[in-house]
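The values are calculated or read from the model by the stated rules, or taken from the named source; none is laboratory data. Bear in mind the structure is a predicted one, so any value in this text is a computation, not a measurement. Here Cβ is always computed from backbone atoms with ideal geometry, including for glycine, and neighbour counts include all displayed protein chains.
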C-alpha cells in the first residue's frame, strides 16, 4: 500500500464517490491489522494518532470498535487456551479480529479497490 498525503487520498475518494475509513490505533497490532485489511481490499485507510486529531482532520472513527474487537479476540483465545502466556499467539487472534472489523468498515465506507 503506497503512502500518500491525506489530501491526495481524500481528493481521490471524493472523485470516486467514497469515504475513507480512519482508525484510531492504540498499538502496533492494531496498526498492522488495519494496514493488512486495507492492502487485502485495495482500500485507502487512515491511521490516526492523537496529533492528527489535534490538527482538526475529520474522519470516520472506529477506535472503540477496534478496542472491543481486539479485547474480545484476546479473551476468546485465552478462554480456549488458558495456559497460553505468549502474546504472539493471542496477539495473532486479536490482529485478525481487528483486520476483519477494518475490512467490514472499509466496505461500509465504499472505498475498497479505491487506493
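Residues are listed down the side, and each one gets a yes or a no for (1) more than 21 Å from residue 9 (Cβ to Cβ); (2) surrounded by fewer than 18 Cβ atoms within 10 Å (Cβ to Cβ); (3) at pLDDT 90 or above:
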residue: 30; (1), (2), (3): no, no, no
residue: 37; (1), (2), (3): no, no, yes
residue: 41; (1), (2), (3): no, no, yes
residue: 57; (1), (2), (3): no, yes, no
residue: 89; (1), (2), (3): yes, yes, yes
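Of all the criteria given as (1) modelled with pLDDT of 90 or more; (2) farther than 17 Å from residue 36 by Cα; (3) surrounded by fewer than 16 Cβ atoms within 10 Å (Cβ to Cβ), the one not satisfied by residue 74 is (3). Residue 113 meets the stated requirement of being touching a helix residue (DSSP H, G or I) at 6+ places or on another chain (Cβ under 8 Å), closer than 18 Å to residue 10 by Cα, modelled with pLDDT of 80 or more and loosely packed, with under 13 Cβ neighbours inside 10 Å. For region 6-26, the candidate set comprises residues that are in contact with a helix residue (DSSP H, G or I) (Cβ under 9 Å, 6 or more places away or on another chain) and either part of a strand (DSSP E or B) or without any contact (Cβ under 8 Å) to a residue 12 or more places away in the chain (or both); within that set, the residue that is surrounded by the fewest Cβ atoms within 10 Å (Cβ to Cβ) is 24.
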